[in-house]
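I have placed the structure first, in the form of structure tokens, so that the comments after it can refer back to it.
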Amino acid sequence: MSLVAGSRPAASPLNEVAGYTKEAQGMGCDPACWAVHVASVLTAHGVPTPSPELAQMLVSHLCWGNNVPLAWKYVERALAANIAPPMLLIALLSVRVIPSRRTRPVAYRLYLELVRRHSFSFTSHLKGSHFNKMMTSIDDVLHLSEKFGIQAHEPGVLVVEYVFAILWQLLDATLDDEGLLDLTPEQRLKWVTRPQYMDIDGEDAFDEKKTEHNEKLQQLNIVMAVELICNFLHHKVISKLLSLARENMPSYWGAFTHRIHLLATHSPSLRNSKISTDKLQQFILEIGKFDTECKPNHHQKLCALFAAGSLTSFGGHCHELNSSALWVPIDLYLEDCLDGSVAATNSIEVLSGLIKSLHAINGSTWHDAFLAIWIASLRLVQRERDPPEGPVPHLDTRLCMLLSITTLSIANIIEEEEATIVDDAGLSNQWKEKAVGGKCRNDLVSSLQMLGDYESLLVPPLSVTSAANQAAAKAMMFVSGLTGGSGYLESIAMNDKTVNYTGNMRHLIVEACISRNSLDTSAYYWPGYITGRINQIPHSVPNQVPSWSTLMKGAPLTSSMVNALVTTPASSLAELEKIFEIAINGSDDDKVSAATILCGASLVRGWNIQEHTVRFVLKLLSPPSPVDYAKVENHLISHGPLLNVVLTGMSSVDCVQMFSFHGLVPELAGALMAICEVFGSCFPSISWTNTTGEEITVHTVFSNAFILLLRLWKFNHPPLEYCIMGDGAPVGSQLTPEFLLLLRNSRVLSNGTSNLGRLSTSTSSSTMHPIFVDSFPKLKTWYRQHQACLASTLSGLVHGTPVHQNVDALLNMMFRRFAKGSNQTVGSGTPGNSSLSSSSGVASDDSSLRPKLTAWDIMEAVPFVVDAALTACSHGRLYPRELATGLKDLTDFLPASLATIVSYFSAEVTRGVWKPAFMNGTDWPSPAANVSSVEENIKKIVAATGVDVPSLVAGGSSFATLPLPLAAFVSLTITYKLDKASEHFLNLAGPALENLAASCPWPSMPIVAALWTQKVKRWSDFLVFSASRTVFHHNNDAVVQLLRSCFTATLGLSTQISSNAGVGGLLGHGFGSHFSGGLSPVAPGILYLRVYRCIKNIFLLTEEIISLLMASVKDITESVVSKEKSNKLKTTKYGMKYGQVSLAAAMTRVKVAAALGATFVWLSGGSGIVQCLLQEMLPSWFLSVHDLDLGGNGGMLYMLSGYALAYLAVLCGMFAWGIDSVPVSKRRSRVITSHMEFLASVLDGKITLGCDCVLWRAYVSGFLGLVVECAPCWVLEVELHVLKRLSRGLRRWNEGELALALLKKGGVEAMGAAAEVILASE
């Protein structure tokens, strides 16, 4: 058949085609001929094909004036001949056909057939000149940008939205046809699935036979639509494009997958189709699995070898390394927290981030991750069941870490996961309730059930046995159905023999988890959790024992009640709130009693509610001003006795560490500054008498607050340490009052920490406003003087000024009775020179000599007083014993002056201007009696490291010398009695003395240890261990050797270092003379954790860690993958055929070595050194030439080395900045982008490397693969152009899957590029 086009009037090409189509349809023209003629017309008029205009014309012609079979054939032929774009034509048809599918089932059937054949035939059009225009037209038809909320006009983005939309339309239409659409939750998208008006003009609308036929056809259409949906979901390209929707449109994805689930579980048509229900339900899992396939080829093969399995060797100690060693960073971090140094960070948040990072990079289950943290925390407790005495954290701190910090960290992880489940699903309240209860909570249960198998770790220390029995008894009573109440449980501590409860550490852990709602009481019914039942409450239990339960019933705070509650921790938040209310609103005596109770066992051992207790105690330090307060003096003055009780109650080393663990150091510093400012400005005439008859003055309160404040930062360290080194300074040295207040203010502005929702509203601070150092002028003046004293010699004392008069008054008080002549005493001359001033009259009693000065006036004068006294001693005008006694008189007068004495001596020992003091037993105390034993014990302690200990004083003590400031300070500290009253101040003086001695030449610290051991035998272990640490302070080679010992002990590469590999070899089992045979060698990991804070050059330390990591990889390659096996390795489809077990062991050790190195880098230098590592050290290392393959192991060594560096880099970043979407620091995005920019520049050929190409390729693929899998949030922070460059470089390496995965994680901005890669690869 032929038609003469010239017979028609001239028109546009589309009008001509439209007219021709009508004529052809009327004449029954063959579709093939029609298509040829239409193509020729379009070509003659220069219209490019496929033509979007033709698609629009065909749909307008078809719907609905020409809804006949031949018109549908023309549409199909246009698509087959590629003269109309299929994607646009399907989009146009979808908005017309789907709403009318019930009245026009034939049209819907033909539409489904077109969708099956042509809907996703976009690959051939991707590079077409009009592809962008076509996708814009599709966006206009389907309103994709409006519906999905993504205002991106990249073709790739629109392709993803188009695929998502077409499938969603089919899905909604199918659910609607089966009456299931109304069961869906909130409609995030509303596709038009029904006609907007009643269609009464449908074909044969009132023909009963036709109606019956249509109904059958509708059922067939539903089945066909279901099969079509399922086939598309499992299509390789479509599933990849849908995975982009899952990544970048999570809320829509949740609603979409819910519909899939609804279809799979409720659709009767699905059961009549060829598709199985299981196949449809597997769709979501398969889309998720797509991400796990996106690994570099080499990385994929090797990951299969050491994929983390069940941690069956946690509790054991075997020479061969096992998978438990992969969690060694947790053990190191926990042990590092026990150093005694105060941190401004929140240990709960840090530990949560650490667990999440290791869970991700180890590819483990949450069961394994939780089991790892439980075992690490239990090892922490068992490592020092009987720690040495001294100003160091003890067992209570370790128990706090296990039962409070660890349980809170896990509770945070569980809450985050369950909140994410609800948010991502975007479901209604009904579906939210079903979503809560994620895998984390179930894995916590299974981990605690398995924990029962580790009996040796669960044995409670003797002091905790009663608490463990109490926890076991609580479970037994619950299971037995008894309701004895808390009174019976409290009595167990007094009468443990009534029942054999056999409580252990797991009972305490479970109770701690229940109190945080991480578990419920179903745990009491776990097999083996309890050993029996209680039939009745023993009659021997007294009815009215003073206890928390009797307090809650209204009993008054009698002395017996106070004594009972001080030694028994509260068991619930309600009990804490009750006692806090008394502390705020009770009588003066009751306030003091309540404060004493809060700072007792509830603070130290109230593990289940400790996060509340520390905040209640903190709030007591900032009592609000009464509304009607009208006195001139500050309202804090009236709270003096209460504040003093709190300050002394929380002053122990363990308590300060607990506040540090809970992240309250900044808030505590702010409260203490206010107390110091007020009480330091008062004259000592203000005083109170406590219940024991002891007088409390404003000086007492000030001193307790000031000493505690100074323990919160390294006040005696020279500021140059962190001014010069900046981010490279030792961790913690940046802590200053300004920094602490900055942290506090930032938390105030951000309304507290992340876990504030779990806390009682009663604990919220009443002073939620920013404060600054300028808010405390007196403190600021002292602080500036303190900084000046550290930076330079004293100056500025002018004769006749009030400060000069105060100095003379203090010197007169200190040394009047030691006058060498009839009327001579030490006086305040020019700083650095002592003078003798005349004194007339007879010495009066001590109280009359004490000047009536405010504490701040005394603190301002103390540096000049100490300088004058030390100068007089150096010139022989004052005996050393008189100097020590005078200084002790000064600290007795104002205990806070000890802090200024420490800062003065710390500064003076660095100047080298003082002559040495001969410790001969005449002028100065002699260490002769203990020097040899100290030296012997130091050698024992460091024996495991292979480090040589320099000899101490030759020939005994006759030549023992100390710098004069150090000799004076150690003499002062020896005058203190080791009692409860002095403990608060020795907790400051002890670490300061150690730091002071460590900064002096060897063997100053061993001499100090020998002197102190003579005074306090029970501190000998602590003192000798402190002395042993200084071996590494003075010898960089010894530090390197110590690090080498850590690597070899952990990896089990040398039987000479340790009989155990992993954590056992690295951290050992503690130290102390309680071991048989006296002091035992200390594990190298313990030594390093107690040494690194005094290492000045963290940059060189990090470089040494990299070198040791490479050396360890070389040793691993040589010892595990021998040269012969390396030559025989053959690659197969499923991995390494020969030497597979050896390679798996090698990869595990490489990963452990990298984890160890990364932990050391992070702990030693913090985020600053991690930034330097990624931006400077590693790029420089790759640019340099390294000949690692001296043993002839070929590419295997370089490949393992590359992966080791990749793990090191990724782990360092994880530890420093986390893997959450909200980074710990804004620095993360800058550093990660910089490092990836370096990688991209090398891949682009802009930078030439010096390292081996195999090593480089392993590093790049390993680093990017780990980031994509374990830290995808990092990719979101990298600029798109960098990701595209990396993707191109990876595709050149034939790493297409990793290239795509990298773009997939790049967010919405990278979605278009990722889609183009998917389409181009097909």
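The values are calculated or read from the model by the stated rules, or taken from the named source; none is laboratory data. On a predicted model such as this, the values are computed, not experimentally measured, just so you know. Note that we place each Cβ from the backbone using ideal geometry, even for glycine, and neighbour counts take in every protein chain shown. Areas reflect the complete protein model, heavy atoms only, side chains present, ligands, DNA and RNA absent. Shrake-Rupley method; radii C 1.70, N 1.55, O 1.52, S 1.80 Å.
Quick rundown of the values:
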read-out: For region 985-1038, diffusion coefficient by Stokes-Einstein and Kirkwood Rh (Cα), 10 °C, 1.306 mPa s, µm²/s; value: 142
read-out: Cα gyration tensor of region 908-1012 - equivalent ellipsoid semi-axes, whole Å, descending; value: 22, 18, 14
read-out: Stretch gain in nm, segment Val1222-Lys1096, where the contour uses 0.36 nm per residue and the Cα spacing is subtracted; value: 42.2 nm
read-out: Rounded accessible area of Phe772 (nearest 10 Å², 1.4 Å probe); value: 120
read-out: Distance in nm between pseudo-label sites at Arg1018 and Asn132 (7 Å out along the Cβ direction from Cα); value: 8.1
read-out: Cα gyration tensor category, rounded, prolate or oblate, for region 609-717 with a/c compared to 1.5; value: prolate
read-out: Filter on Lys240/Lys439; Lys888/Lys1015; Lys240/Lys1304; Lys236/Lys279; Lys714/Lys780 - keep pairs with C-alpha separation over 19 Å; value: Lys240/Lys439
read-out: Stretchable slack from His875 to Thr465, in nm (0.36 nm times residue separation minus alpha-carbon distance); value: 141.8 nm
read-out: Contact order normalised by residue count of region 548-603, Cα under 8 Å, 6+ apart, percent; value: 42
read-out: Projected label distance in nm at Ala44 and Ala788, using a 7 Å step from Cα toward the beta-carbon; value: 10.0
read-out: Carbon and sulfur %, accessible surface of region 1249-1318 computed with the full protein complex present, 1.4 Å; value: 51
read-out: Positive-pole candidate from Tyr1203, Ala1315, Phe1238, dipole of region 1191-1322, charges at beta carbon; value: Phe1238
read-out: By average C-beta atoms within 10 angstrom, highest first, the peptides 271-279, 969-977; value: 969-977, 271-279
read-out: Cα gyration tensor category, rounded, prolate or oblate, for region 1-112 with a/c compared to 1.5; value: prolate
read-out: Estimated FRET transfer efficiency (Asn82, Ser750; beta-carbon r; R0 56 Å; 0.05); value: 0.45
read-out: Simple label model, 7 Å out from Cα along Cβ direction - Ser60 to Leu482, nm; value: 8.9
read-out: Rounded FRET efficiency, nearest 0.05, which uses the C-beta distance separating Ala1320 from Val192 and R0 of 41 Å; value: 0.75
read-out: FRET efficiency estimate (nearest 0.05) - Cβ-Cβ, Asn272 to Gln151, R0 56 angstrom; value: 0.85
